[in-house]
Amino acid sequence: MIFRIFEKEELKKLFEVFVAHNRVVGAVEAGRDRDDQPVYAFSDVSDYNEIKLDYSITKLPAKRFFLPFKEELATFRIENDNWTKDISYNIDRPLILFGLHPCDINALNKLDKVLLHSVYPMPYYAAKRKNMFIVGMNCVPQPSCFCRSMGTDTALHGFDMFITDLGGRYFVEILTNTAFNFLRHIRTMEPMEEDHILYMKVVEKRKKEFTAQVDTTDLTKILDMEFQSDVWKYWGDRCLACGTCASVCPTCYCYGVEETVDINLKGAKKTKILHSCNLIDFAEVAGGHNFRPERHSRLKYRYYHKHRGFVEAFEESLCVGCGRCGESCLAGITVPEVIESIRADGKE
Amino acid sequence: MDPELKFVDIAAQPYRQQQRRDDLKSFEYSYRAEITSIYPLTEMETLYRIQIVDPEERNRFVFTPGQFLMLELPGIDEAPFSISSSASVRGEVELCIRRVGNLTNFLPRVKRGTHVGIRGPFGTGFPMKEMHGQNVILVAGGLGLVPLRSPIAYVMENRSHFNKVNIVYGTKTPSQLLFTHQHEMWRKDDIDLNIIVQKADRSWKGPSGLITEPLKEILTGKDRDYYHNTYAIVCGPPVMFKFVCNMLNEFHIPMQKMFVSLERRMHCGMGKCCRCNVGSTYTCLKGPVFDYWTVMNLKEAI
């Protein structure tokens, strides 16, 4: 891996090189919450001052830039009794994601496994992914972050360059040739031994700032053993089955497909809409039979998919521990609490 | 050192149909197909014969009994259907469709000659070749006969490769019986067909009761050799699976020789939408045909 170091004011220059020729998305302050705390969101940016480099966490992940909530899979032109199908992957230019935190980078790495590197890769995702340049940036751990327990507090790959604030200067890891070429537009230096030491100190300090954690040892087995546990019913009774957790999740990719006829009857659309396994109709089949009619069975399925099934298929969980679902849950259900309660129930 | 990123245009790449499972462009690729015949079977179910329009594509469309496809009516809906016809006919399939949803309620308005889209075939099939030299019991409840018609066609076409073949078929009422025009044909091919209905009406001459009754009769009194060399194919409503599989299990039909076809509402067929997941196993990729050992390891499968 190639490392460089650069002065703080150089970052602005780098941003300007990016933005002069490309579409850039970064974290901005979208508003204030009732405690007057900033609410951050990923958004298109053209002005460096708009970007919040020290953002805590965005309410929503950057998902809409690679898995939009609603996306046209195909359009149809209908003439008399005949039809023609047109397919577009809905992207026409590259995108720079500026300042993505390790959890969100790891979320992309996880999604790649199922959407890109499995059978029947998904072109709608692939087209966006292959046209994405990622500038990673280290975060300040928040009370709700349990990424360290999920092994996603650092990103080893899945970015083009990754920036760590060393206080006075920035330390950058360079993974791709494209990133290297971009950095030629600003002044960078070879890091010295003292920079390495400083980097290690910063990493060590950040490590200590994580507070939330969850024990995932043997979780796949525990989930199997506690499949009939009443604890699921307890959480199921609290769950409102609203699907908010899925919409704020950086790794939730489940969807449904809907077809509609244009109002002029000359065309039709096939639309993919992200779904949530907590919604009542998720596992309903033709004729009305529902394989998961109760809230607790759907909530359980969600944990099963994320923390067992995905592990079985890809040797890792489909959760990056960003804590967004717990923060947004109207019933206050958090992943560490649910997993802890399942584990505790097993011990009784 | 151009500071403008280059756009990678996946859409401009050619479609490699031979590598369908790995090619990005296969995802939304559908074969244009024509409805060539419409044959009403019961009040609720109709048999549609659908043929791929392009002769070359027709030749490429190969499936195994048990697989399913996605049928699309542009602007109406797209839904999964088991292929219900012989796998030795290329590029032409028969789908037996009950009127229950968006797409299937619209279908009665569709005329012969209408063009539809089909994607697939998807999923696993029944391992028919493995069954050569063995006995086969096919158990179907209600619409469960639909996916079994393809393995039945295989058995008929290769009858000499199989020993004893039984079909046990049950429906709620006699009027719901499917493919009645073919029952005699199956029997003539030395296939033992047992039909049972839950509620008989005046016209019904056959037995009434639960599907496990004729199954029990078939299984009782056979020797070890029979049980060990018998394959079972089961498809029906969720409640039927449990009773039938338990009974087959009691008679020691080997678990790896018992196959079920599970019903789920796929939205993609390609392991992406998660709507067909059982536990977190994709029914569309690892199924819909599973052996019973796998089903036992799935939570809430049946």
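Taken together, the values in this text are just the output of simple stated rules run on the coordinates, not laboratory data. Keep in mind that what you see is a predicted model, and the values were worked out from it rather than measured. Here the Cβ is made from the backbone with ideal geometry for all residues, glycine too, and neighbour counts use every protein chain on show.
Please arrange A:HIS185, B:HIS267, A:HIS289 by how many other C-beta atoms lie within 10 Å of their C-beta, fewest to most.
Lowest count first: A:HIS289, A:HIS185, B:HIS267.
About the Cα centre, and with charges only on the beta carbon of Lys, Arg (+1) and Asp, Glu (-1), how big is the dipole of chain A? Nearest 20 debye, please.
For this selection, approximately 400 debye.
Quick check on the exposure proxy: order A:ASP345, A:ASP160 from fewest to most C-beta atoms within 10 angstrom.
Lowest count first: A:ASP345, A:ASP160.
Given 4 °C and 1.567 mPa s, compute D for chain A with the Stokes-Einstein relation, Rh being the Kirkwood radius over Cα pairs; round to the nearest whole µm²/s.
Here the translational diffusion coefficient equals 59 µm²/s.
With no other cysteine's Cβ closer than 4.7 Å, which Cys residues of chain B count as lacking a disulfide-compatible partner?
B:CYS96, B:CYS235, B:CYS245, B:CYS276, B:CYS284
Nearest 5 percent is fine: what portion of the DSSP beta bridges confined to chain B is antiparallel? Mind dumping the intermediate values first?
Values: 33 of 55 bridges.
That works out to approximately 60 percent antiparallel.
Between beta-carbons, use under 10 Å as the cut-off and find the net charge around A:GLU29, counting Lys and Arg +1, Asp and Glu -1.
Overall, the nearby charge balance is +1.
Extending each Cα 7 Å along its Cβ direction at A:ASP224 and A:ALA30, get the distance between those two points in nm, one decimal.
Going by the 7 Å Cα→Cβ label model, 4.0 nm.
By count of other Cβ within 10 Å, fewest leading, how are B:ILE97, B:ILE191 ordered?
B:ILE191, B:ILE97
I'd like the FRET efficiency for B:ARG202 and B:GLN13, computed as 1/(1 + (r/R0)^6) with the beta carbon distance as r and R0 of 60 Å, rounded to 0.05. Spell out each step's value before the answer.
Values: r = 64 Å, r/R0 = 1.06.
Once rounded, the FRET efficiency stands at 0.40.
In chain A, what percentage of the DSSP-assigned beta bridges are antiparallel, given to the nearest 5? It would help to have the intermediate numbers written out before the result.
Numbers: 40 of 53 bridges.
Here the antiparallel bridges make up roughly 75 percent for chain A.
Taking all pairs of distinct Cα atoms, average 1/r, flip it, and tell me the Kirkwood hydrodynamic radius of region B:77-126 in Å to one decimal place.
Values: mean 1/r = 0.0798 Å⁻¹.
About 12.5 Å, per the Kirkwood formula over Cα pairs.
Which of the aspartates and glutamates could a cross-linker span from A:LYS130 if the Cα-Cα distance has to be under 17 Å and same-chain partners fewer than 8 positions apart are dropped?
In chain and number order, the partners are A:ASP92, A:ASP104, A:ASP112, A:ASP160, B:GLU4, B:ASP9, B:ASP22, B:ASP23.
What residues of region B:235-260 lie in the reach of a label at B:TYR227, counting those whose backbone N is under 13 Å from a point 7 Å from the Cα along Cα→Cβ?
B:247-255
Rounded if a/c is under 1.5, else prolate if a/b is larger than b/c, else oblate: which is region B:120-260, with a ≥ b ≥ c the root eigenvalues of its Cα gyration tensor?
Details: a/c = 1.44, a/b = 1.26, b/c = 1.15.
It comes out rounded by the Cα gyration axes.
Using packing as a proxy for protection, rank A:43-53, A:128-138 so that the peptide with the highest average count of other Cβ atoms within 10 Å comes first.
A:128-138, A:43-53
Only four residue types carry charge here, +1 at the Cβ of Lys and Arg and -1 at the Cβ of Asp and Glu. Report the dipole size of region B:37-196 about the Cα centre in Debye, rounded to the nearest 20.
180 debye
Let me spell out the model: positive unit charges on the Cβ of Lys and Arg, negative unit charges on the Cβ of Asp and Glu, origin at the Cα centre of chain B. What dipole size does that give, in debye rounded to 20? Don't skip to the end; give the middle numbers.
Details: 37 positive and 32 negative charges, 90 e Å.
It works out to roughly 420 debye.
Roughly what would the spin-label model give for A:ASP92 and A:MET192, points 7 Å off Cα along C-beta, in nm?
Going by the 7 Å Cα→Cβ label model, 5.1 nm.
So the label point goes 7 Å from the Cα of A:ASP165 along Cα→C-beta, right? Which residues of region A:101-118 then have their backbone N under 14 Å from it?
Backbone N within reach: A:101.
Enumerate the calculated ³J(HN,Hα) couplings along region A:209-223 in order (Karplus 6.51 cos²θ - 1.76 cosθ + 1.60, θ = phi - 60°), each rounded to whole Hz, writing x wherever the residue is Gly or Pro.
Going residue by residue, I get 7, 6, 10, 6, 8, 9, 7, 9, 4, 6, 4, 4, 6, 4, 4 Hz, with x marking Gly and Pro.
Could you please report the charge total around A:GLU9, scoring K, R as +1 and D, E as -1 over all other residues with beta-carbon less than 14 angstrom from its beta-carbon?
Details: positive: A:LYS8, A:LYS12, A:LYS13, A:ARG169, A:ARG187; negative: A:GLU7, A:GLU10, A:GLU16, A:ASP165.
Around A:GLU9, the surrounding residues sum to +1.
Rank A:VAL19, A:VAL119, A:VAL202 by mean-square fluctuation in a GNM of chain A with C-alpha springs under 10 angstrom and give only the top-ranked residue.
Checking each option, the largest mean-square fluctuation is seen for A:VAL119.
Which percent, nearest 5, of DSSP beta bridges in the protein assembly as shown are antiparallel?
70 percent
What does the charge add up to near A:ILE174, with Lys and Arg as +1, Asp and Glu as -1, over the other residues with Cβ less than 13 Å from its Cβ?
-1
Does anyone have the angle between helix B:145-157 and the longest principal axis of chain B? Alpha-carbon axes, 0 to 90°, nearest 10?
Between helix and principal axis, roughly 80 degrees.
Give the distance, in whole Å, between the Cα centre of region A:312-348 and the Cα centre of region A:237-256.
13 Å
I need the Debye-formula profile for region B:10-121: one equal scatterer per C-alpha, no solvent, reported as log10 I(q)/I(0) at q = 0.17, 0.18 1/Å, two decimals.
The computed values of log10 I(q)/I(0) come out as -0.81, -0.90.
Given only helices, namely DSSP H runs of n ≥ 4 each adding -39500 (n - 2.57), what is the per-residue ellipticity at 222 nm of chain B, to the nearest 500 deg cm²/dmol?
-5500 deg cm²/dmol
Quantify how strongly other chains surround peptide A:111-121 by giving the mean number of their Cβ atoms within 10 Å of each of its Cβ atoms.
4
Rounded, prolate or oblate: which fits region B:204-282, taking a ≥ b ≥ c as square roots of the Cα gyration tensor eigenvalues, rounded meaning a/c under 1.5, else prolate when a/b beats b/c?
Oblate is the answer for region B:204-282, as a/c is 1.5 or above yet b/c matches or exceeds a/b.
Do any of A:LYS85/B:LYS286; A:LYS272/B:LYS111; A:LYS270/B:LYS242 go past 32 Å between their Cα atoms, and which?
Where the Cα-Cα span goes over 32 Å, the pairs concerned are A:LYS270/B:LYS242.
Roughly what would the spin-label model give for A:GLU72 and A:LEU53, points 7 Å off Cα along C-beta, in nm?
Roughly 4.0 nm, to one decimal.
What average count of beta carbons from other chains do you get within 10 Å of the Cβ of residues in B:259-268? Let's see the in-between values first.
Numbers: counts 0, 0, 0, 2, 5, 4, 10, 2, 8, 7.
Per residue, the number of nearby Cβ atoms from other chains is 4 on average.
Can you work out the base-10 log of I(q)/I(0) for region B:35-191 at q = 0.18 1/Å, using the Debye formula on its C-alpha atoms alone?
Here log10 of I(q) over I(0) equals -1.16.
Report the calculated FRET efficiency for B:SER160 and A:GLU209 (r = Cβ-Cβ distance, R0 = 60 Å), to the nearest 0.05.
Computed FRET efficiency for B:SER160 and A:GLU209 comes out at 0.25.
Based on the alpha-carbon gyration tensor of region A:178-293 and its eigenvalue square roots a ≥ b ≥ c, which shape applies: rounded if a/c is under 1.5, prolate if not and a/b is larger than b/c, or oblate?
Details: a/c = 3.92, a/b = 1.44, b/c = 2.73.
In terms of gyration-tensor shape, oblate.
Let's test the formula: R0 of 25 Å, r as the Cβ-Cβ distance of A:ASP237 and A:LYS347. What FRET efficiency results, to the nearest 0.05?
About 0.70, to the nearest 0.05.
Can you give the mean number of other chain Cβ atoms that lie within 10 Å of the Cβ atoms in peptide A:282-290?
Working: counts 4, 8, 3, 11, 14, 9, 2, 4, 0.
Partner Cβ neighbours, averaged per residue: 6.
If I take the Cα coordinates of the protein assembly as shown and project them onto the principal axes, what are the three extents in Å, biggest first?
So the three principal-axis extents are 90, 66, 46 Å.
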